[in-house]
Amino acid sequence: MNLLQDIIVVDFSQFLSGPSAGLRLADMGARVIKIEKPGTGDICRQLYVSDTRIEGESTIFHAINRNKQSYAADLKNAEDLEKVKQLIRQADVVIHNFRPGVMERIGLDYATVKALKPGIVYAEISGYGNEGPWKDLPGQDLLVQALSGLTWLSNNRDARPTPMGVSVVDILAGTYLAQGILAALYRNGISGESTLVQVSMMEAVLDFQFEVLTCHYNDGRQLPVRSSLSNGNAYIPAPYGIYKTKEGYLSLAMGEIPKLGQLLACPELMEFTDRAEWFDRRDEIKEILTKHLQGRSADEWLSILEPADVWCAKVMDYQDLMTQVGYKVLNMELEVKTSNGLAVRTTRCPIRVDGQVSVSDRGAPLLGEHNQLINKQFGLGIA
């Protein structure tokens, strides 16, 4: 998939949000050059989120920086900074996710970079934008989830606020940044204009909640009320949620309660003929379901519900998932190799273009691995 062939991206970003945008651009054929601090590099190299390491570095670093090149440069060193500026003059996109003011102090802010390379697409991610009392707070995924109201949507009514179990804000911000970059590249191809693309993590996660926030804005600013049990979505009526069965768990999406009662041989449910009750009395309905579904296994219930076109699914963990034919036919697993020849298994780009997927086998780079190559190819350091 070489839709972005010949596009050169100079990426100063670290950890997850910015690098996830760079990863997607690399998947689509762009040449992404990571600018890293000599000696330590991207903080993600050593920021472990599990006890699994790959060549002494974090698994996340290897997952999110595959198919990129690494250029080690001390941006406080005048000679290194000049080389980076020479590289930018030949680039199409610059990415960073530093706090507001950092790139200005370095001398690589948008105005300076635009003067270096007219037509540049300059893309940045911040935690909370460049204005307001939060602008200097750390843009860290859990903290943004906590401030944004997102943690009050999961778990049951009386449970504590519950964050999502993945770095959802980081990845969302990176996704939105990549979208903005692609739109800016399109405009650049028409007009040649420089473009500043900005995404804050807070704005990204607020937009992520557009469904529930739109309800909140338009119903007198009422707070979302989670179900007292089997909560799946604060604004969706019963049976929406996850239920424990005799063996395993069963998820139920939207559905007709009387029909469900008939299929499950549960007369109590057949009494709820008024659709309004499915929301107003959803806790009562869910309590009936909770007790009734414990009579059989998840697989037994599925054998009844699926043929009747009821929206339902078994709840799986990764081990269960990976035994399924439905998972296997997607071929989501990708094996890449580091420069030392170590094989690393990760996920591939989910985008298909003309039926094809991106499957580069290049793993994450060693720190400064491509300095010599890039210096030569771009003529860096040559007056």
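The values are calculated or read from the model by the stated rules, or taken from the named source; none is laboratory data. Note that the structure is a prediction, hence the values are computed from the model and not measured. Here Cβ is always computed from backbone atoms with ideal geometry, including for glycine, and neighbour counts include all displayed protein chains.
Being modelled with pLDDT of 95 or more, loosely packed, with under 12 Cβ neighbours inside 10 Å and not small (Gly, Ala, Ser) is a condition met by no residue of region 356-371.
Yes/no per residue for (1) of a type outside the set (D, E, K, R); (2) closer than 30 Å to Val94 by Cα:
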site: Asp170; (1), (2): no, yes
site: Gly189; (1), (2): yes, yes
site: Ser200; (1), (2): yes, yes
site: Glu203; (1), (2): no, yes
site: Gly220; (1), (2): yes, no
site: Leu223; (1), (2): yes, no
site: Ser230; (1), (2): yes, no
site: Ile242; (1), (2): yes, no
site: Pro258; (1), (2): yes, no
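Only helices (runs of 4 or more DSSP H) whose full extent lies in region 294-383 are considered here, and the ones with at least 2 residues that are more than 28 Å from Ile43 (Cβ to Cβ) are 298-305, 318-321, 325-328. Residues in region 323-363 that are within 23 Å of the chain's Cα centre (by Cα) and of a type in the set (Asp, Glu) were compared, and the one that is nearest to Leu4 (Cα to Cα) is Asp361. Tally up the residues in region 248-271 that are assigned to a loop (DSSP other than H, G, I, E, B) and either within 25 Å of Met164 (Cα to Cα) or not assigned by TED's automatic domain parsing to the domain that holds Ile304 (or both), please. Number of matching residues: 3. Within region 1-32, the residues that satisfy the criterion of being surrounded by fewer than 22 Cβ atoms within 10 Å (Cβ to Cβ) and assigned to a strand (DSSP E or B) are Ile8, Arg31. Only one entry of Ile285, Ile242 meets the criterion of being touching a strand residue (DSSP E or B) at 6+ places or on another chain (Cβ under 6 Å) and either acidic (Asp, Glu) or at pLDDT 95 or above (or both), and that entry is Ile242. Taking the criterion of being within 17 Å of Leu172 (Cα to Cα), outside any loop (DSSP other than H, G, I, E, B) and of a type outside the set (S, T, N, Q), would at least one residue in region 62-70 satisfy it? Within region 62-70 (the criterion being within 17 Å of Leu172 (Cα to Cα), outside any loop (DSSP other than H, G, I, E, B) and of a type outside the set (S, T, N, Q)), the answer is yes, since at least one residue qualifies.
Screening Asn340 with (1) at pLDDT 95 or above; (2) exposed (fewer than 13 other Cβ atoms within 10 Å of the Cβ); (3) of a type outside the set (D, E, K, R) gives one miss only, at (1). A single member of Gly363, Gly341, Gly355 is touching a Lys or Arg at 6+ places or on another chain (Cβ under 6 Å) and among the small types (Gly, Ala, Ser), and it is Gly363. Does Thr214 satisfy being surrounded by fewer than 14 Cβ atoms within 10 Å (Cβ to Cβ), outside the structural domain of Asn156 (by TED's automatic domain parsing) and in contact with a Pro (Cβ under 7 Å, 6 or more places away or on another chain)? Taking the combined requirement at face value, the residue does not satisfy it.
Consider region 249-280 and keep the residues that are crowded, with 17+ Cβ neighbours inside 10 Å and of a type outside the set (A, V, I, L, M, F, W, C). The one that is farthest from the chain's Cα centre (by Cα) is Gly261.
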